[in-house]
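Novice: Attaching a single structure in structure tokens format; questions to follow.
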Amino acid sequence: MKTIAPRYKLFLVGVFIAFMLLHQADKLIIGQVLEDIQRDFSLDDAQAGAIGTGALIVGAVCYLLWGYLYDRYARPKMLALASFIWGITTSLSAIATTFPAFLAARSSTGIDDSSYPGIYSLVADYFPPESRGRVNGWLQFTAPVGFVLSLVLVLALDGVIGWRNIFLFTGGLGIVVGLFILFGVKDRPRGSAEPEMSAISDIPTYQFQWGSLTALRKRKTLFPLLAQGFFGVFPLQVITFWFFSYLERERGFESGVIFPIMAASVLMMSIGAVVAGSLGDRFSQRTRRGRLLVAAVGIGLATVLLPITLLLPPDTSPLVFGAFLAVTAFFVLFSGPNVIATIHEVAPPEVRSSALSVQYFIENIGAAGAPWLVGLISTQLGLSRAILIVAGVTYVLCLLCMLLATRTVAEDVEALRGEMRVRTAEILAARPQ
């Protein structure tokens, strides 16, 4: 295969980071202006929670379709289309004058949530297995940094142009990023970065095949990972959607205090994602179970630290609470980059988008009710208890599922490596000597 210039790889990752960063910021702005939206549309907590749930449901439904499209067609074109859709639907939500119209527009922004499997699939064809965890970590760090960006945008623009025009701003940038992807990102033959294919100058074009997808049922690791995904996004959705309101309402913190607390926590979460991916790469060279063991340790520590942080006395100083929250945040994204890299290590290249789409479909189905569920429990028990119950229980279930996945992952990774060796031998045998 032709060597890819490091500069182009940097550009590729940079464009995808920009896309995901803006997308995450756009989603997370909702949490920062939720009080304004509730006031403008006269909503209670349960109705407000439906705003987040609607986008998650739409995203979940679209994942399977987009997964197929990314495996079947040129991924840059599909990614550009997703970015254009996001920009348009976000802009429509900004001009909606009734709550049903606003809810429909914001829910429609979930259509482009399904673009992430295409990004990770394309990245996997530019970077070999031993470095994918680190790159995935850099891509996943956009979620917490997007939270900080949403805070900055709201603090800088809400009082000047209003929350509606902020969405017009992010929607317009989404269209611009889509143009960069359309004209600047090149597709890559599926499987290009696999070690077994390194000696082949022209790799055949592999596209989606139902047989390859249905054969994934033999990968025993995928089932506990799917179960872990069902519960795994609950805590993150709960924290990103409700935590700003929690700090204001339950802790009584002013906005000037909330920003440095959340900024420090998000910084730690970002560092944690990159560290987790790098550790996964390192330990995967020692044992096939390395990535998932790193993920399990992170989930276990988050399971212990989150309730400790939330149960701190109400009169705890912002400095102490912020320190506990930052330490907890470091482990929140430990599983993400390693789960993605593991799925790519057990699924054939031509169905990696579809395989990851199934994972995200399950995640969104599981997490779709999280904002609404917390809002519903909050009306009875208070926001603090609602977050603790939903996030705490799902973290325990995630840990159990991850430990089950570590038992079979070595066998499944070796099975894919064997398939790739067979393909390489067949390609070489079919060529004239």
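The values are calculated or read from the model by the stated rules, or taken from the named source; none is laboratory data. All values reported here derive from a predicted model rather than from experimental measurement. Quick reminder, even Gly has a Cβ in these numbers, built from the backbone with ideal geometry, and neighbours come from all protein chains shown. Please note that ligands, DNA and RNA were not included when accessible areas were found on the heavy atoms of the full protein model with its side chains. Shrake-Rupley method; radii C 1.70, N 1.55, O 1.52, S 1.80 Å.
Novice: Quick test of your reading of the structure: K220 fulfils all but one of (1) of a type in the set (D, E, K, R); (2) open to solvent by less than 50 Å² (accessible area, probe 1.4 Å); (3) modelled with pLDDT of 80 or more; (4) over 29 Å from D45 (Cβ atoms). Name the failing condition by number.
Specialist: (2)
Novice: Has the range 350-366 got at least one residue that is small (G, A, S), within 29 Å of Y246 (Cα to Cα) and in contact (Cβ under 8 Å) with a residue 40 or more places away in the chain?
Specialist: Taking every residue of the range 350-366 in turn, at least one turns out to be small (G, A, S), within 29 Å of Y246 (Cα to Cα) and in contact (Cβ under 8 Å) with a residue 40 or more places away in the chain.
A quick yes/no check of all residues on (1) touching a residue at least 40 places away in the same chain (Cβ under 8 Å); (2) among the polar types (S, T, N, Q):
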residue: A295; (1), (2): yes, no
residue: G298; (1), (2): no, no
residue: T303; (1), (2): yes, yes
residue: T309; (1), (2): no, yes
residue: L312; (1), (2): no, no
residue: D315; (1), (2): no, no
residue: V320; (1), (2): no, no
residue: A326; (1), (2): yes, no
residue: V332; (1), (2): yes, no
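Novice: In addition: Out of curiosity, is I343 under 21 Å from S115 (Cβ atoms), crowded, with 20+ Cβ neighbours inside 10 Å and of a type in the set (V, I, T)?
Specialist: So I343 passes the test.
Novice: Still on this structure, please answer the following. Do we find that F231 is open to solvent by 10 Å² or more (accessible area, probe 1.4 Å) and under 19 Å from the mean Cα position of the chain (by Cα) in this structure?
Specialist: Answer is yes for this residue.
Novice: For the range 30-46, name all the residues that are farther than 16 Å from S378 by Cβ and among the hydrophobic types (A, V, I, L, M, F, W, C).
Specialist: Once the filter is applied, which keeps residues that are farther than 16 Å from S378 by Cβ and among the hydrophobic types (A, V, I, L, M, F, W, C), the range 30-46 yields I30, V33, I37, F41.
Novice: Can you say whether I161 is out of contact with any Pro (no Cβ under 7 Å at 6 or more places or on another chain), loosely packed, with under 15 Cβ neighbours inside 10 Å, at negative phi and β-branched (V, I, T), as far as the supplied structure shows?
Specialist: Taking the combined requirement at face value, the residue satisfies it.
Novice: Which residues, counting only those in the range 323-338, are open to solvent by 10 Å² or more (accessible area, probe 1.4 Å), part of a helix (DSSP H, G or I) and either closer than 30 Å to L65 by Cα or not aliphatic (A, V, I, L, M) (or both)?
Specialist: Within the range 323-338, F324, G336 qualify.
Novice: Can you pull out every residue in the range 45-71 that is closer than 15 Å to W242 by Cβ, surrounded by fewer than 21 Cβ atoms within 10 Å (Cβ to Cβ) and either at pLDDT 75 or above or out of contact with any Gly (no Cβ under 8 Å at 6 or more places or on another chain) (or both)?
Specialist: Q47, A50
Novice: Of all residues in the range 165-178, which are under 22 Å from the mean Cα position of the chain (by Cα) and of a type in the set (A, V, I, L, M, F, W, C)?
Specialist: F167, L173, I175, V176, V177 - these are the residues of the range 165-178 that are under 22 Å from the mean Cα position of the chain (by Cα) and of a type in the set (A, V, I, L, M, F, W, C).
Novice: Something else: If W86 satisfies all but one of (1) among the aromatic types (F, W, Y); (2) under 26 Å from S212 (Cβ atoms); (3) within 21 Å of the chain's Cα centre (by Cα), what's the number of the condition it fails?
Specialist: Every condition holds for W86 apart from (2).
Novice: Only one residue in S245, S198, S212 is in contact with an Asp or Glu (Cβ under 6 Å, 6 or more places away or on another chain), among the polar types (S, T, N, Q) and at pLDDT below 80, so which one is that?
Specialist: S212 is the lone residue from the list that is in contact with an Asp or Glu (Cβ under 6 Å, 6 or more places away or on another chain), among the polar types (S, T, N, Q) and at pLDDT below 80.
Novice: Do you know which residues across the range 260-288 are open to solvent by 20 Å² or more (accessible area, probe 1.4 Å) and among the β-branched types (V, I, T)?
Specialist: Within the range 260-288, I271, V274, V275, T287 meet the criteria.
Novice: Any residue at all in the range 409-428 that's surrounded by 15 or more Cβ atoms within 10 Å (Cβ to Cβ) and more than 30 Å from G211 (Cβ to Cβ)?
Specialist: no
Novice: Kindly list the number of the only condition in (1) of a type in the set (S, T, N, Q); (2) touching a residue at least 60 places away in the same chain (Cβ under 8 Å); (3) open to solvent by 20 Å² or more (accessible area, probe 1.4 Å) that fails for S83.
Specialist: (3)
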